[in-house]
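Some notes on the structure that comes next.
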Amino acid sequence: MDLLIRKKNEVYLKVEAEPHINYELADFFCFEVESAKFMQKQKRWKGWDGKIRLYSPATGEIYVGLIDYLLDWADEKGYKYRMEECKFFGHPLAQNDLITPESVVGFVKSLKLPPQLKVRDYQYKAIYEAESGEEVRLISTDPMSVPDVKKFCEYLEHKLKEIKESDNLFEFTVIKK
């Protein structure tokens, strides 16, 4: 197996490969910025070579959104690859099309919360991210949120793994069942 690909998190893939393959990947996922040569005449741009690198051979990280290009490149070069599922972030090609930001808004509206409880944008985002991944950490400064999060986890049939409290911050770790 030439390449081992797995999700590091929701942003990056981790690619494990031989050093020569890492450098080939780095060359493929690199491009020059137009007019970068003119920028170098200014003092603050002196140390930059004008290239943007999307793959790091040192860490083996590449953006998740580039996986199709990565697989096409491996097929074109004749490299064999294996994708490994991550315990927390799932398979590199997995997508959950059922959960969208719009469906989260619809779900919260269907709860028919009292008018004095206004759901804010960042709370919608937290619900969306909690439903998109396998495990999520939510942080709150409000001690009243503890029973709300417990009730919400029961409603969604999720497991509340732990609650940490420090310096008036509450950190909740929620796992999908």
Subset of the range 55-89 [aliphatic (A, V, I, L, M) and either surrounded by 13 or more Cβ atoms within 10 Å (Cβ to Cβ) or in contact with a helix residue (DSSP H, G or I) (Cβ under 8 Å, 6 or more places away or on another chain) (or both)]:
I62, V64, L66, I67, L70, L71, A74, M83
Quick one: which residue in Y79, Y124 is in the same structural domain as K7 (by TED's automatic domain parsing), of a type in the set (S, T, Y) and either modelled with pLDDT of 80 or more or under 18 Å from A17 (Cβ atoms) (or both)?
Y79
Exactly one of (1) assigned to a helix (DSSP H, G or I); (2) loosely packed, with under 11 Cβ neighbours inside 10 Å; (3) more than 23 Å from the chain's Cα centre (by Cα) is unmet by Y122. Its number?
(3)
Residue count, the range 125-163 (criterion: touching a residue at least 24 places away in the same chain (Cβ under 8 Å), in a loop (DSSP other than H, G, I, E, B) and more than 11 Å from V174 (Cβ to Cβ))
3
Every residue from the range 58-99 that is among the small types (G, A, S), within 19 Å of the chain's Cα centre (by Cα) and either on the phi > 0 side of the Ramachandran plot or part of a loop (DSSP other than H, G, I, E, B) (or both)
G60, G90, A94
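In the range 118-138, which residues are among the hydrophobic types (A, V, I, L, M, F, W, C) and touching a helix residue (DSSP H, G or I) at 6+ places or on another chain (Cβ under 9 Å)?
Scanning the range 118-138 gives V119, I127, A130, V136, L138.
The values are calculated or read from the model by the stated rules, or taken from the named source; none is laboratory data. Note that the structure is a prediction, hence the values are computed from the model and not measured. So basically every Cβ, Gly included, is an ideal-geometry build from the backbone, and we count neighbours across all protein chains shown.
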